Amino acid sequence: MKKIIALVLAAMLVCTSAVMLASCGDGEKKELHMATNAFFEPYEYYEGDKIVGIDAEIAEAICDKLGYELVIDDMDFDSIVTAVSSGKADFGMAGMTVTDERKESVDFTDSYTTATQVIIVPEKDAKVKSVNDLKKASIGVQLGTTGDIYVSDKYEKSGAKIERFNKGADAVLALTQGKVDAVVIDNEPAKAFVDQNEGIEILDDPFADEDYAICVAKDSELTDQINGALKELKDDGTVKKIIDKYIND
Ligand code: GLN
């Protein structure tokens, strides 16, 4: 009898320590580093010195589910895929569109939302009145984004001049100063820029529908783990609630 009790106690001890190890490490939660570019309202942006937004909140909810502490590393958008593929960051979340080219360097989780690319122009005397006019325009984009890739592929040969900026806000500043004719950027950040700047508007024709997803190092176990957490957060309405909190039109 004593032997059995001793065995049961020993088994219980092993189990508790295993659970504790998995969830807490050395008593501290393990960190997951998210690479982003925090100048992309409403997905990620600074409120004081804190990074908030749809991506920041969904990432926090995923980390909560998986038992990790979230640490957000802010960097140029163009550096995110490399940070993730080299292991400097655990995942990238930055209103990032799933593209075949990026898939050569990283894996993507399931998509958590969709977006479009839009064209921002001056309200008065705009040279660009439709997508067609981009052919000969000077176009501001954010370096390395799908906006950059689309206009470079489609219009650079026909005589468009592409001006590439590290931040979307710098492209918009160039537009308000008359240095470029149009800015091509994702629809929600475009709305935020138009709200914050006088005299610019979004053209009616959007182009390119996109899926946003989280990028993870190739063949990492994290992809399945994040997908599992993301599914639960979609199913219980958390993802929608977070998106609706930031996008309400
Ligand atoms: N969705 C665009 C892309 O993935 C822009 C993202 C961004 O600027 N943060 O390229």
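Of note:
- Single match in LYS179, LYS167 (criterion: among the basic types (Lys, Arg), in contact (Cβ under 8 Å) with a residue 60 or more places away in the chain and in contact with an Asp or Glu (Cβ under 9 Å, 6 or more places away or on another chain)): LYS167
- Residue identified as touching a residue at least 60 places away in the same chain (Cβ under 8 Å) and on the phi > 0 side of the Ramachandran plot among GLY237, GLY199: GLY199
- Of the helices (runs of 4 or more DSSP H) that lie entirely inside the stretch 146-212, those containing 2 or more residues that are crowded, with 20+ Cβ neighbours inside 10 Å and in contact with a Phe, Trp or Tyr (Cβ under 8 Å, 6 or more places away or on another chain) span 168-176, 187-196.
- Residue among ASP125, ASP100, ASP107 that is in contact (Cβ under 8 Å) with a residue 24 or more places away in the chain, out of contact with any Asp or Glu (no Cβ under 6 Å at 6 or more places or on another chain) and not small (Gly, Ala, Ser): ASP107
- Selection within the stretch 147-196 - more than 11 Å from the ligand (Cβ to nearest atom), under 19 Å from ASP249 (Cα atoms) and of a type in the set (S, T, N, Q): GLN196
- Residues of the stretch 61-70 include none that is among the hydroxyl-bearing types (Ser, Thr, Tyr) and under 25 Å from ALA192 (Cβ atoms).
- Candidates in the stretch 65-101 are the residues that are within 16 Å of the ligand (Cβ to nearest atom) and small (Gly, Ala, Ser); of these, the one that is nearest to ASP219 (Cα to Cα) is SER85.
- Against the test of being among the small types (Gly, Ala, Ser), over 30 Å from GLY147 (Cα atoms) and modelled with pLDDT of 95 or more, the options GLY48, GLY67, GLY53 yield a single qualifying residue, GLY67.
- Complete set of residues in the stretch 114-145 that are polar (S, T, N, Q), away from the ligand (no atom under 12 Å from the Cβ) and in a loop (DSSP other than H, G, I, E, B): SER130
- Annotation: SER220 fulfils all but one of (1) surrounded by 16 or more Cβ atoms within 10 Å (Cβ to Cβ); (2) not in a loop (DSSP other than H, G, I, E, B); the unmet one is (2).
- Residue list for the stretch 77-94, restricted to those being surrounded by fewer than 16 Cβ atoms within 10 Å (Cβ to Cβ) and within 14 Å of the chain's Cα centre (by Cα): ASP78
- From the options ILE58, ILE62, residue that is away from the ligand (no atom under 15 Å from the Cβ), crowded, with 22+ Cβ neighbours inside 10 Å, touching a residue at least 12 places away in the same chain (Cβ under 8 Å) and not acidic (Asp, Glu): ILE62
The values are calculated or read from the model by the stated rules, or taken from the named source; none is laboratory data. Just so it is clear, the structure is predicted and the values come from calculations on it, not from any experiment. Quick reminder, even Gly has a Cβ in these numbers, built from the backbone with ideal geometry, and neighbours come from all protein chains shown.
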